[in-house]
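To start, the structure under review is shown below, and the notes come after it.
The values are calculated or read from the model by the stated rules, or taken from the named source; none is laboratory data. Note that the coordinates shown come from a computational prediction; the quantities given were computed from them, not determined experimentally. Cβ coordinates were reconstructed from backbone atoms using ideal geometry, including for glycine residues, and neighbour counts include every protein chain displayed.
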Amino acid sequence: MSRNRNIPVWREIGQSPAGKDGEHVPLLVVGGGPVGLTLALDLGQRGHRVVLLNKLDFIPGGSKAICFSKRTLDIWDRLGVGERMVAKGVVWNVGKVFCGAGDEPIYQFDMLPVKHQKNPGFINLQQYYAEEYLFEAVARLPNVELRRGHQLVGLDARADGVSVQVDADGETYTITADWLVACDGCRSSARDMLGLDFEGRVFEENFLIADIRVEEQRPAERWFWFDPPFNPGKSALLHKQPDNVWRLDFQLGWDIDREACERPEAVAPLVEGMLGPGAKWEKEWFSVYTFQCRRMERFVHGRVLFAGDSAHLVSPFGARGCNNGIADADNLAWKLDLVIRGAARGALLESYNHEAVVTADENILNSSRSTDFMTPKSPGAEALRTATLELAQHHAFARPFVNSGRLATAVSYPDSPLNTPDRDAWDRGVPPGSPALDAPVADGYLLQRLGGRFVLLADGVEARVAGVEVAEIDELGDPEGLVRARFDLRPGSACLVRPDQYVAARWRSPTAADIKAALERARGAQ
């Protein structure tokens with residue numbers, strides 16, 4: 001396959017041979033980045049035959065996503081790759097915000113306020129490692145076929161499926177599928193072939209990423225500066241990665257010479273200004289980027305579904321891009337599983353559209369607000385930011401208003417059509433439409449035990465329903481009482497948890513009829 005010289009190679013995989021012309025598969029995934037690989041891994045583990053097409057025949061290196069949230073780690077843990085990610089990654093929970101030349105932060109936050117959970121608030125891990133670990137896990141599944149160096153060149157969407165044309169190193173073949181999921185990124189070929197587009201904002205600002213190798217002794221924390229001496233009037237960001245690689249991010253302004261800003265002589269003063277004079281470092285990757293906060297109007301188009309950057313785009317501040325895409329894959333996989341098996345109607349996929357759009361909108365909103373605060377577009381907005389930063393240095397009430405990027409957390413769906421509304425009084429706990437909280441149990445952690453199926457988390461409930469596994473707290477073990485406390489469970493009460501570990505319903509005293517009705521609703525039957 002011809003190579004784009006701008007794409008560095010992290011790991012060679014090799015060109016896959018062309019497929020059989022006229023072949024039919026139940027499910028076709030286009031795009032072999034973290035989102036497509038996560039989706040293929042999930043559906044493959046559920047027993048489905050999946051063909052994944054990726055136009056590259058290698059795992060790319062370079063500067064991509066590095067910050068993976070607890071929610072993403074919980075998803076990957078369920079799929080058997082989370083522990084490897086955490087073991088390699090740089091674990092962090094604390095972020096600090098600085099202003100001007102001061103050495104003390106004006107604000108700091110903790111990304112894991114609820115302690116005693118298996119996974120940390122965040123890890124930093126280069127995307128090429130995440131892709132490598134996912135690729136190796138998928139490659140072990142005999143029912144998932146990874147076709148590298150296969151590019152989508154034609155797409156015909158019909159009411160009962162799709163027919164696509166694929167180019168494999170100059171050889172073209174046709175494949176049909178019942179379902180196609182487009183995970184092929186911001187320049188999605190599938191989206192273009194269907195004549196679809198994004199709606200939203202494009203931001204007029206440039207930032208420089210400098211990934212460098214340096215032996216620094218700074219703590220594993222996220223550090224962000226407003227108006228630092230080494231980049232006056234602008235912002236900067238520092239993240240530690242594995243292998244002594246550090247991600248440095250510098251705001252540059254709009255009217256710049258992008259090529260000149262990537263030259264070593266332009267980058268060096270910024271790096272040495274941040275790290276200190278005389279710092280010894282080596283270039284890993286330099287690039288200048290701009291960004292958008294946009295999404296498709298809908299993510300479900302008949303038998304073609306969109307996930308990740310093919311469906312929505314956000315700025316990198318808040319680490320909401322890749323984490324949002326992994327959430328899409330997690331939300332979609334169990335629903336496609338039920339539909340393909342005939343255990344749910346195709347209408348269930350409309351709930352994917354609803355919930356994934358809610359997630360994208362929340363991420364776009366937070367990302368846009370962060371960008372507006374960091375790059376004010378009017379004298380009034382700049383004056384407000386300046387006043388906020390000045391107040392935050394001396395007054396605690398102003399510090400939460402300092403917005404250097406609200407970092408990604410799991411999004412709730414309070415109005416999801418799959419929720420059964422509460423009929424009982426709850427003082428706290430996890431309401432329908434929100435992700436289950438982790439907690440220690442006798443032989444591990446709760447989310448590990450819930451797995452990827454419908455589970456009734458119960459405290460002394462005798463009602464049983466086909467298709468729902470019961471996890472009694474006394475049998476799980478609740479050594480510190482955290483499961484009962486976090487779900488506000490009392491004797492006789494229960495929560496119905498979906499396969500993506502979101503709560504679908506909860507009761508103080510459920511009957512079998514209650515549980516059955518909630519299960520049918522969560523499967524899209526009501």
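General observations
- Residue satisfying all of: in the stretch 385-411; hydroxyl-bearing (Ser, Thr, Tyr) and in contact (Cβ under 8 Å) with a residue 24 or more places away in the chain; nearest to GLY100 (Cα to Cα) among these: SER404
- Residues that are over 24 Å from GLY95 (Cβ atoms) and assigned to a helix (DSSP H, G or I) within the stretch 310-337 comprise SER310, ASP328, ALA329, ASP330, ASN331, LEU332, ALA333, TRP334, LYS335, LEU336, ASP337, listed in sequence order.
- From the list GLY14, GLY80, GLY32, the one residue that fits, being within 21 Å of LEU447 (Cβ to Cβ) and in a loop (DSSP other than H, G, I, E, B), is GLY80.
- Long-range neighbours under 8 Å by Cβ, at least six apart or interchain, first residue at negative phi and assigned by TED's automatic domain parsing to the domain that holds LEU336 within the stretch 511-525, second surrounded by fewer than 17 Cβ atoms within 10 Å (Cβ to Cβ) and among the β-branched types (Val, Ile, Thr): none
- Identity of the residue in the stretch 472-517, part of a strand (DSSP E or B) and more than 28 Å from the chain's Cα centre (by Cα), that ends up surrounded by the fewest Cβ atoms within 10 Å (Cβ to Cβ): GLU472
- Residue that is surrounded by the most Cβ atoms within 10 Å (Cβ to Cβ) [pool: residues in the stretch 415-432 that are within 22 Å of ALA344 (Cα to Cα) and in contact with a strand residue (DSSP E or B) (Cβ under 7 Å, 6 or more places away or on another chain)]: PRO432
- Here the stretch 307-324 is the region considered, the condition is being more than 12 Å from the chain's Cα centre (by Cα) and small (Gly, Ala, Ser), and the residue that is surrounded by the most Cβ atoms within 10 Å (Cβ to Cβ) is SER310.
- All of (1) surrounded by fewer than 21 Cβ atoms within 10 Å (Cβ to Cβ); (2) touching a helix residue (DSSP H, G or I) at 6+ places or on another chain (Cβ under 6 Å); (3) not in a strand (DSSP E or B) hold for ILE340 with one exception: (2).
- Pairs, first closer than 14 Å to GLY82 by Cβ and in contact (Cβ under 8 Å) with a residue 40 or more places away in the chain in the stretch 130-144, second among the small types (Gly, Ala, Ser) and not in a helix (DSSP H, G or I), C-beta under 8 Å, six or more apart: ALA130/ALA65; ALA137/GLY80
- Each residue in the stretch 269-295 was checked for being surrounded by 14 or more Cβ atoms within 10 Å (Cβ to Cβ) and at pLDDT 90 or above, and 14 pass.
- In the stretch 272-285, the residues that are outside the structural domain of SER63 (by TED's automatic domain parsing) form Cβ pairs under 8 Å with partners that are part of a helix (DSSP H, G or I) and of a type in the set (D, E, K, R), at six or more places apart or across chains, as follows: GLY278/GLU272; ALA279/GLU272.
- Of the strands (runs of 3 or more DSSP E) that lie entirely inside the stretch 148-209, not one contains 3 or more residues that are touching a residue at least 24 places away in the same chain (Cβ under 8 Å), among the small types (Gly, Ala, Ser) and surrounded by 19 or more Cβ atoms within 10 Å (Cβ to Cβ).
- The residues listed here are ASP57, ASP21; of these, the one that is acidic (Asp, Glu) and either touching a Gly at 6+ places or on another chain (Cβ under 7 Å) or modelled with pLDDT under 95 (or both) is ASP57.
- Pick from the stretch 250-262, criterion at pLDDT below 95 and either within 22 Å of GLY102 (Cα to Cα) or basic (Lys, Arg) (or both), ranking: nearest to the chain's Cα centre (by Cα): GLN251
- Any hit, the stretch 286-305, residues being over 27 Å from LEU155 (Cβ atoms), in contact (Cβ under 8 Å) with a residue 12 or more places away in the chain and in a loop (DSSP other than H, G, I, E, B): no
- Residues located in the stretch 57-110, provided they are in contact with a Pro (Cβ under 6 Å, 6 or more places away or on another chain) and small (Gly, Ala, Ser): GLY61, GLY62, ALA101
For (1) part of a loop (DSSP other than H, G, I, E, B); (2) of a type in the set (D, E, K, R), each residue gets a yes or a no:
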{"site": "ASP372", "(1), (2)": "no, yes"}
{"site": "SER412", "(1), (2)": "yes, no"}
{"site": "PRO417", "(1), (2)": "yes, no"}
{"site": "LEU456", "(1), (2)": "no, no"}
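- Residue pairs whose Cβ atoms lie under 9 Å apart, sitting 6 or more positions apart in sequence or on different chains, and linking a residue in the stretch 364-377 that is farther than 16 Å from THR388 by Cβ to a partner that is in a helix (DSSP H, G or I), are SER367/GLY321.
- Extreme residue, farthest from the chain's Cα centre (by Cα), among residues of the stretch 56-69 that are surrounded by fewer than 22 Cβ atoms within 10 Å (Cβ to Cβ) and within 30 Å of GLU171 (Cα to Cα): ASP57
- Single condition LEU252 does not satisfy, out of (1) under 16 Å from MET374 (Cβ atoms); (2) surrounded by fewer than 24 Cβ atoms within 10 Å (Cβ to Cβ); (3) out of contact with any Leu (no Cβ under 6 Å at 6 or more places or on another chain); (4) among the aliphatic types (A, V, I, L, M): (3)
The rows are residues; the columns are (1) modelled with pLDDT under 95; (2) surrounded by 15 or more Cβ atoms within 10 Å (Cβ to Cβ); (3) more than 30 Å from GLU480 (Cβ to Cβ).
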residue: VAL97; (1), (2), (3): yes, yes, yes
residue: GLN108; (1), (2), (3): yes, yes, no
residue: PRO113; (1), (2), (3): yes, no, no
residue: GLY121; (1), (2), (3): yes, yes, no
residue: ASN124; (1), (2), (3): no, yes, no
residue: LEU134; (1), (2), (3): no, yes, yes
residue: ARG140; (1), (2), (3): no, no, yes
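- Residue within the stretch 515-525 that is of a type outside the set (Asp, Glu) and over 22 Å from ASN331 (Cα atoms) present: no
- One residue from ARG298, ARG303 being in the same structural domain as SER69 (by TED's automatic domain parsing), surrounded by fewer than 16 Cβ atoms within 10 Å (Cβ to Cβ) and modelled with pLDDT of 95 or more: ARG298
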